[in-house]
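These notes concern the structure reproduced below.
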Amino acid sequence: MKHWVFDLDGTLVDSLTSHFQVLEKIFHRFDADFSSSEHLEVLKVNSKTLPKYFETKLGVAAVEPALVMFKELNTQSFKSIRAFPGIEDLLKTLQTQGMKLAVWTARDLEATNEILKHTGLSPYFSICVSGSCVDEGKPHPEGLKKIAAHFECGAESMVMVGDFDSDMLGAQAFGIKAIRVFWHPAVQIKKCEIADWQFHQVSEFRNWLSEQTLNQEK
């Protein structure tokens, strides 16, 4: 596994907390209730399905102003987003070992680059494929194909790290190894049947990586 692909939100950075706060403000603006029961549902929403989500929850007339408000509030919220504790050390370890790193996310490229820059994670990644870089979003493996082409590598040397079904399904469709992670309390901790490995703590993940390295050296 020489080429590592990471999801962004919920995997590298804790953006869900601010994301929920943004949506709560938008729902309040249109006299709708964004309760905790909405959290899991909104995790399935990406940049391409957001208009339909707003239409369903807020009504047709609210879609355009809600999208404008979402963009403005989202931009303001970038500075409050932080990398999960231990993530930068994890990336540094992989990079030191000669691994090549990429980001595959449903976010648009501009927002993704801003978040990576603000959190200090940009230097670790040589390519970022976002939702605005492909015709088919997750779980379609188009993004993974672009990353493989960039690295000039085959699926056998790649591994996907993500926190959601779309990450695992994309990896499965492309035929690469998959690691399911659950760092955020808003994401239910459950057994993922299609993941090759699963971790609930960054430290647990790092320990596993250390064991893999030792096994390879032997």
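Read the figures in this text as sums done on the coordinates, not as results from a lab. Keep in mind that this is a model prediction, so the values were computed, not measured. Cβ atoms come from the backbone with ideal geometry, glycine included; neighbour counts cover every protein chain shown.
Quick check for me: using +1 on Lys/Arg Cβ and -1 on Asp/Glu Cβ, what's the dipole size of the chain about its Cα centre, in debye to the nearest 20?
Once rounded to the nearest 20, the dipole reads 300 debye.
With runs of 4+ DSSP H residues as the only contributors, calculate the mean residue ellipticity of the chain at 222 nm using -39,500 (n - 2.57) per run, divided by the residue total and rounded to the nearest 500.
The helix contribution divided over the chain gives -13500 deg cm²/dmol.
Which aspartates and glutamates, if any, have their Cα less than 17 Å from the Cα of Lys190, not counting same-chain residues under 8 positions apart?
Glu41, Asp163, Asp165, Asp167, Glu204
Over what distance in Å are the Cα centres of the stretch 109-148 and the stretch 1-28 separated?
That distance is 13 Å.
Considering the dipole of the stretch 93-218 built from charges on the beta carbon (Lys and Arg +1, Asp and Glu -1) around the Cα centre, which of Pro139, Ala106, Val159 is farthest to its positive end?
Farthest along the dipole direction, towards plus: Val159.
Using the Cβ atoms and a cut-off under 12 Å, what net charge is assigned to the surroundings of Val42, where Lys and Arg are +1 and Asp and Glu are -1?
Once positives and negatives cancel, what remains is -2.
Which of the three applies to the stretch 98-218, rounded, prolate or oblate, going by the alpha-carbon gyration tensor with a ≥ b ≥ c and a/c under 1.5 meaning rounded?
Taking the square roots of the gyration eigenvalues as a ≥ b ≥ c, the stretch 98-218 is rounded.
Between helix 165-174 and the chain, what is the angle of the helix's C-alpha long axis to the longest principal axis, kept within 0 to 90° and rounded to the nearest 10?
So the helix axis and the longest Cα principal axis differ by about 50 degrees.
Read through the labelled values (i) 0.97; (ii) 1.01; (iii) 1.05 and report the label of the one computed as Rg/Rh (Cα atoms, Kirkwood Rh) from the structure.
For Rg/Rh (Cα atoms, Kirkwood Rh), the calculated option is (i).
Among Thr49, His19, Ser80, whose Cα lies farthest out toward the positive end of the dipole of the stretch 14-86, if unit charges sit on the beta carbon of Lys, Arg (+1) and Asp, Glu (-1)?
Sorting the options by dipole projection puts first Ser80.
Please compute the contact order of the chain in relative form: average sequence separation of alpha-carbon pairs under 8 Å and at least six residues apart, divided by the residue count, as a percent.
In percent, rounded to a whole number, it is 23.
For the pair Asp89 and Glu110, what calculated FRET efficiency results from E = 1/(1 + (r/R0)^6), where r is the Cβ-Cβ distance and R0 = 30 Å, to the nearest 0.05?
0.65
Straight-line reach from Lys79: which aspartates and glutamates have Cα under 15 Å away, leaving out those fewer than 8 places along the same chain?
Here the aspartates and glutamates satisfying the reach criterion relative to Lys79 are Asp9, Asp14, Glu110, Glu114.
Pairs Lys44/Lys146; Lys25/Lys145; Lys57/Lys177: which are spaced more than 29 Å apart, C-alpha to C-alpha?
Violating the 29 Å limit, Cα to Cα: Lys25/Lys145; Lys57/Lys177.
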